[in-house]
Amino acid sequence: MPRPLIQLEDIRRTFHVGDIDVPVLRGITLCIERGEMVALTGPSGSGKTTLMNTLGCLDRPTSGSYWLDDEEITRLTKDGRARVRNRKIGFVFQSFNLLPRTTALEQVMMPLSYTASGITDREARRRAEDLLVMVGLSERMDHTPSQLSGGQQQRVAIARALVNRPPVLFADEPTGNLDSRTTLEVLAMLQRVNAEEGITIIVVTHDPVVAGHTRRNIRLRDGLVESDTAQTPLLAGVAAAAPAPEEAAA
Amino acid sequence: MTFAKTLRTALRALRRNITRSALTVLGIVIGIAAVIAMMEIGKGSSGAIAKTISSMGANNLLVLPGAAASGGVSFGGGSTLTLTAEDCDAILRECPAVKAAAPLVRARTQVIYKERNWVPQSIVGSTPAYLEVRDWSNLTEGEMFSAADVRNASRVCLVGQTIVRELFQGRSPVGEEIRLQSVGFRVVGVLSQKGANAFGQDQDDLVLAPWTTIKYRVSGSSGSGAAAGGSASASSTSNSVFPGAPSVFPATSAAQALDKPMPVRFANVDQILVAAASSPEIRSAMAQITDLLRERHRARPGEPEDFSLRDMTETANALSSTTTMMTNLLLAVALISLVVGGVGIMNIMLVSVTERTREIGLRMAVGARARDILLQFLTEATVLCLLGGLLGLSLGRGAAIIVKQLLRWPVEASLEAVIASIAVSAAVGIVFGFYPAWKASRLDPIEALRYE
Ligand SMILES: Nc1ncnc2c1ncn2[C@@H]1O[C@H](COP(=O)(O)OP(=O)(O)OP(=O)(O)O)[C@@H](O)[C@H]1O
Ligand SMILES: [Mg+2]
């Protein structure tokens with residue numbers, strides 16, 4: 001039987017602050033299959049970001065085992081984790097994290113420069129252009145972040161996350177800095193990526209609207225999985241296509 | 001990450017903040033410009049000095065009468081009359097390390113040609129060997145006076161380029177007559193240009209004649225006074241004055257003897273200029289000359305010499321080593337300014353790393369290894385310094401050219417300086433860029449991404 005894309009077994013993470021041990025993740029076990037779109041919710045301080053950092057290979061759990069795409073991550077070295085982040089993971093951050101004074105095209109191409117297998121410049125450029133077209137920014141390729149709206153910036157970030165064709169995309173509060181209309185715009189984009197490219201998406205969020213657009217909701221509380229429920233997702237594409245209600249009123 | 005990509009990323013990052021990049025690298029620009037200017041000026045000076053040394057005559061030794069200050073009592077050079085033309089012949093004959101030797105008699109007086117007059121820096125009486133000693137082989141025009149002219153005290157002379165310019169206004173002087181204190185000299189040749197010597201004297205401001213003529217016919221030369229004492233016995237002593245060639249001399253009648261007053265005992269010359277066979281042989285030439293002259297002058301062991309020897313090359317070398325030392329000092333100052341510039345680079349790179357913490361976090365999140373980050377920042381610093389170095393290089397060259405144009409100071413472009421300055425600026429970039437780059441590479445991606 002093939003392994004699921006993500007398999008966590010009794011993941012624990014304890015921070016040491018001075019002499020005090022702060023257990024943040026206290027034994028998390030879960031599986032996420034290829035092609036799923038999952039929301040990770042829970043009250044503030046429940047350990048969502050910490051779990052996300054572990055899943056994203058930015059952090060190492062104190063104990064437990066983590067399989068990602070048939071690779072045991074906890075045994076990898078720092079450079080090994082960098083390679084996994086480059087090839088298998090895309091990140092979308094709450095604050096976009098675009099490079100200042102750099103064009104959208106260059107932003108999207110940037111992760112490819114850390115990819116070991118040689119990708120020609122032309123190939124890199126073609127991929128980046130295709131992705132920017134896909135996220136609807138074909139007219140904005142030479143724009144720098146200061147010339148883009150928040151939603152457009154986040155779409156550049158999504159294109160950047162996908163440039164290496166990773167099997168999984170992590171988004172920590174991707175809509176935290178956006179208004180309700182652009183939130184739907186970004187959600188529609190994520191749903192499309194999930195449906196059309198088959199990329200597994202895991203979204204950390206406080207926002208019930210965002211959580212409602214996924215098929216599965218994992219709730220954390222005090223570093224443990226509180227609930228894990230399947231649901232019928234709302235479709236952002238429909239809502240986003242229509243004019244936003246407040247605008248219609250005005 | 002390939003080198004080309006790292007380079008491109010670095011250039012892009014530098015362009016993102018072009019003003020700061022320019023200001024950051026200013027120290028390096030100034031440092032390299034100073035180094036280049038110093039090296040070109042220094043090299044030009046020592047080149048000029050080397051040229052001067054060889055123009056003075058290679059491996060020259062000067063024999064002066066009178067002891068160099070000895071035992072607290074000094075007569076001063078030239079205060080005793082001990083060197084003779086025979087000494088000069090003996091030196092050439094008996095010292096194997098000596099290539100050529102010429103006696104020198106000096107005078108200082110006015111030279112008149114038609115209605116023009118001029119006081120040359122030197123009026124030298126010597127023998128045809130003078131040209132060989134001074135390495136002054138080619139004449140521009142005419143020919144050297146002969147040994148016979150020396151024996152006969154012929155009134156012939158050669159003139160240097162400055163004399164041609166000042167007295168003859170550039171026209172050919174050969175065949176013309178110039179007068180030194182009412183004594184007419186026929187110009188038989190023109191010396192080639194030599195330029196200034198290491199002490200700044202114009203070597204072309206020269207009238208060269210047989211030493212006998214200067215000594216016995218031109219008053220105002222150091223030897224002329226001697227003629228007064230013994231005109232009566234002139235003919236009887238002529239053989240001892242010009243030994244080795246009595247047969248060439250026509251028998252002098254008493255009338256001729258009265259016409260041409262000849263010296264009695266003091267066939268002394270002012271100096272003897274000697275060329276050693278090669279520069280390593282200067283030492284042995286000096287020893288051989290000392291031994292020979294001590295013997296000839298009957299100096300008992302322990303007694304001080306009545307002559308002194310001066311190594312002209314050494315004097316010039318001392319001058320050139322002073323110049324070299326000055327250049328090195330200035331170079332040291334320039335290098336210090338490079339270090340200061342490097343510290344500036346380090347400072348700004350540290351600021352830059354702090355400022356770009358989130359960028360570093362992001363790059364790590366998308367797969368940059370610590371090594372990639374280290375290399376990126378190191379490349380940025382190095383490229384910055386190299387660009388600064390290139391800019392400094394052109395500024396330094398410009399400064400050297402300005403010095404050449406405005407101050408007429410000799411400068412010389414030097415390939416080593418170019419290579420060294422590029423190497424130094426790259427090294428400054430690597431050395432001072434390393435710590436900030438290392439700090440950047442050690443950042444934790446989670447912390448870096450969260451950095452405000
Ligand atoms: N590096 C750290 N050192 C010490 N404690 C930490 C560290 N990182 C996180 N924590 C603690 O772990 C707990 C969980 O933090 P985490 O950021 O994962 O919460 P979260 O669920 O993402 O909260 P929010 O919804 O507010 O983003 C918090 O109590 C926090 O103080
Ligand atoms: Mg969080």
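The values are calculated or read from the model by the stated rules, or taken from the named source; none is laboratory data. Every value quoted in this text rests on a predicted model; they were computed, and no experiment measured them. Cβ atoms come from the backbone with ideal geometry, glycine included; neighbour counts cover every protein chain shown. Remember, those area values only see protein heavy atoms, side chains included, never the ligands or the DNA or RNA. Shrake-Rupley method; radii C 1.70, N 1.55, O 1.52, S 1.80 Å.
Quick notes on this structure:
- Failed condition for B:Ala318, given (1) touching a helix residue (DSSP H, G or I) at 6+ places or on another chain (Cβ under 8 Å); (2) more than 14 Å from chain A (Cβ to nearest Cβ); (3) not polar (S, T, N, Q): (1)
- Among residues of the stretch B:353-372 being among the small types (Gly, Ala, Ser) and in a helix (DSSP H, G or I), the one that is nearest to B:Glu447 (Cα to Cα) is B:Gly361.
- Evaluation of A:Ser65 against (1) open to solvent by 10 Å² or more (accessible area, probe 1.4 Å); (2) within 16 Å of ligand 2 (Cβ to nearest atom); (3) at pLDDT 95 or above (one fails), failing number: (2)
- Single condition B:Ile32 does not satisfy, out of (1) modelled with pLDDT of 90 or more; (2) out of contact with any Asp or Glu (no Cβ under 7 Å at 6 or more places or on another chain); (3) not assigned by TED's automatic domain parsing to the domain that holds B:Thr324: (3)
- Some residue of the stretch A:196-208 being away from ligand 1 (no atom under 16 Å from the Cβ), part of a helix (DSSP H, G or I), under 30 Å from A:Thr115 (Cα atoms) and at pLDDT 90 or above: yes
- Answer residue from the stretch A:46-62, given it is within 16 Å of ligand 2 (Cβ to nearest atom) and of a type in the set (Val, Ile, Thr) and is most open to solvent (accessible area, probe 1.4 Å) among those: A:Thr49
- Failed criterion for B:Ala198 (all others in (1) at pLDDT 90 or above; (2) under 30 Å from B:Pro410 (Cα atoms); (3) among the aliphatic types (A, V, I, L, M) hold): (1)
- Members of the stretch A:153-178 found to be farther than 14 Å from A:Phe93 by Cβ, at pLDDT 95 or above and either open to solvent by 20 Å² or more (accessible area, probe 1.4 Å) or within 16 Å of ligand 2 (Cβ to nearest atom) (or both), listed by number: A:Pro167
- Of the residues making up the stretch A:111-133, just one is surrounded by fewer than 14 Cβ atoms within 10 Å (Cβ to Cβ), more than 10 Å from chain B (Cβ to nearest Cβ) and of a type in the set (A, V, I, L, M, F, W, C), namely A:Val133.
- Within the set B:Glu295, B:Glu303, the sole residue that is assigned by TED's automatic domain parsing to the domain that holds B:Glu281 and either assigned to a helix (DSSP H, G or I) or in contact with a Ser or Thr (Cβ under 7 Å, 6 or more places away or on another chain) (or both) turns out to be B:Glu295.
- Residue count, the stretch A:1-36 (criterion: aliphatic (A, V, I, L, M) and either open to solvent by 40 Å² or more (accessible area, probe 1.4 Å) or within 16 Å of ligand 2 (Cβ to nearest atom) (or both)): 7
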